[in-house]
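Undergrad: Quick one: the structure is below, questions incoming.
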Amino acid sequence: MQQAIDSIMVPTQGQGLYEVTRSLLVFVAGSQLSTGLVTAYVRHTSCSLLIQENADPDVRTDLRGFFRRLVPEGMDWLTHTTEGPDDMPAHIKAALTQTSIGIPVSSGRPVLGTWQGLYLFEHRAQPHRRELVFHIIGE
Amino acid sequence: MQQAIDSIMVPTQGQGLYEVTRSLLVFVAGSQLSTGLVTAYVRHTSCSLLIQENADPDVRTDLRGFFRRLVPEGMDWLTHTTEGPDDMPAHIKAALTQTSIGIPVSSGRPVLGTWQGLYLFEHRAQPHRRELVFHIIGE
Amino acid sequence: MQQAIDSIMVPTQGQGLYEVTRSLLVFVAGSQLSTGLVTAYVRHTSCSLLIQENADPDVRTDLRGFFRRLVPEGMDWLTHTTEGPDDMPAHIKAALTQTSIGIPVSSGRPVLGTWQGLYLFEHRAQPHRRELVFHIIGE
């Protein structure tokens, strides 16, 4: 049994879903492990991770639209407001999605379904560099 | 240290929670591992996974009811509409729940609490066959 | 490759976020593993887990406020009501957050970001004792 760990930086340009599936596949292939468990983990609390459909880009547009409506800026009861109107909504959107996702690996590939991709979901309006850690264990 | 991986097909008959706890227990028992980590992963983006109460079936009814109200069909701002009125709401409900759940294993059993069961949460109205991957690593 | 498993009891005094980062760090340090994957798992369906900002306590206040507004008590269509007005909302809040979180470990520490902490999110009003299981595998 062996393991590997690495991190990548993902530059973001405002709110929305950024696909990182290719980076995940490269990491898993580089580990040369055939069967195991790969974990993606994002080291921030104002962006998050999602497995979502990679076929129609409209899905990503609508996901962003739903979360913007569910957690709008300007909720007047918020108390954490010093970091900008998009900061506390960003934390809430992160709480509603995932910080960490584990995916089994078989035949040297994560067992993503045909239409599944791994996405970084950026919740802040300004550009950021987001650190994503990949870990794999297996043989 | 050893591992095992397998997948099951779960037939669904419309929206709601389908318990898969027994399949999880059978997989863990079959691995003959005593201590470790088991991961359940669903290879689709219009259904998802949940750990929920397995005592009162009303809990499942109400969960389905809440998500149907939170993410109703017919939101007129959606752009991804070609796959039916329940498709984009299904992706959103999947984003709000989980695609992957890891559960520690002790004494040969996942450490589910007394009232916890593992559920596939189907978000589409039509019947589907859903693929669920189980992976365990331990000794 | 080695592993360790342990559980802690977290006393809660009503709804809100209770930080358990220190317990996680103590568990990982005690395992003496340098690289691996640590999993936190909560054995209940009316509380949950979150990675959230550990800097400004207002973030926790606002998270609690958002979830109370998103899933209010007194939704008159609920059917699971025998365990109190906060019980079914608690299950829904748990479904919207996490029961299990995996975090890679590097240099003997979980790779939490600078501002990230691990929290138990209590959704019931009455005091409870919550069991949290930690598992680590690595070397």
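Undergrad: Residue under question is A:T45, and the condition is that it be in a loop (DSSP other than H, G, I, E, B), modelled with pLDDT under 95 and among the hydroxyl-bearing types (S, T, Y); does it hold? Quick ask: steps written out before the conclusion?
TA: Working: in a loop (DSSP other than H, G, I, E, B): yes; modelled with pLDDT under 95: no; among the hydroxyl-bearing types (S, T, Y): yes.
Considered against the rule, which asks whether it is in a loop (DSSP other than H, G, I, E, B), modelled with pLDDT under 95 and among the hydroxyl-bearing types (S, T, Y), A:T45 comes out as no.
Undergrad: Among the residues of region C:72-106, write down those that are in contact with a helix residue (DSSP H, G or I) (Cβ under 7 Å, 6 or more places away or on another chain), touching a residue at least 24 places away in the same chain (Cβ under 8 Å) and either more than 21 Å from B:Y119 (Cα to Cα) or hydroxyl-bearing (S, T, Y) (or both).
TA: Residues satisfying the conditions are C:T97, C:V105.
Undergrad: Let me ask something else. Failed condition for A:Q13, given (1) away from chain C (no Cβ under 14 Å); (2) closer than 30 Å to B:A4 by Cβ, with all others met?
TA: All conditions are met except number (2).
Undergrad: Among (1) within 24 Å of A:Q15 (Cβ to Cβ); (2) open to solvent by 10 Å² or more (accessible area, probe 1.4 Å); (3) in contact (Cβ under 8 Å) with a residue 40 or more places away in the chain, there is one condition A:S34 misses while meeting the rest; what is its number?
TA: It is condition (1) that A:S34 fails.
Undergrad: Another one. Say whether the condition of being under 15 Å from the mean Cα position of the chain (by Cα) and within 21 Å of B:A40 (Cα to Cα) is met by at least one residue in region C:50-73.
TA: Step one: filter region C:50-73 for residues under 15 Å from the mean Cα position of the chain (by Cα), giving C:50-54, C:60, C:63-64, C:67.
If we keep only those that are within 21 Å of B:A40 (Cα to Cα) too, we end up with C:50-51.
Taking every residue of region C:50-73 in turn, at least one turns out to be under 15 Å from the mean Cα position of the chain (by Cα) and within 21 Å of B:A40 (Cα to Cα).
Undergrad: Considering (1) facing chain B (nearest Cβ under 9 Å); (2) of a type in the set (V, I, T); (3) surrounded by fewer than 20 Cβ atoms within 10 Å (Cβ to Cβ), say which one A:T39 fails and leave the rest.
TA: Exception for A:T39: condition (3).
Undergrad: Read through the list (1) touching a strand residue (DSSP E or B) at 6+ places or on another chain (Cβ under 7 Å); (2) more than 10 Å from chain A (Cβ to nearest Cβ); (3) touching a residue at least 24 places away in the same chain (Cβ under 8 Å), then give the number of the only condition that B:A29 fails.
TA: Failed condition: (1).
Undergrad: Within region C:2-16, how many residues are crowded, with 17+ Cβ neighbours inside 10 Å, touching a Gly at 6+ places or on another chain (Cβ under 9 Å) and not polar (S, T, N, Q)?
TA: Looking only at that region, the number is 2.
Undergrad: Filter region A:15-40 for residues that are assigned to a helix (DSSP H, G or I) and over 17 Å from the mean Cα position of the chain (by Cα) and give the result. Full working, then the answer.
TA: Step one: filter region A:15-40 for residues assigned to a helix (DSSP H, G or I), giving A:21-31.
Hits for region A:15-40 are A:A29, A:G30, A:S31.
The values are calculated or read from the model by the stated rules, or taken from the named source; none is laboratory data. Predicted model, so just to flag it, every value in this text is computed and none were measured. We place every Cβ from the backbone using ideal geometry, glycine too, and count neighbours over all the protein chains shown. Note: accessible area is taken over every heavy atom of the protein model, side chains too, but ligands, DNA and RNA are not part of it. Shrake-Rupley method; radii C 1.70, N 1.55, O 1.52, S 1.80 Å.
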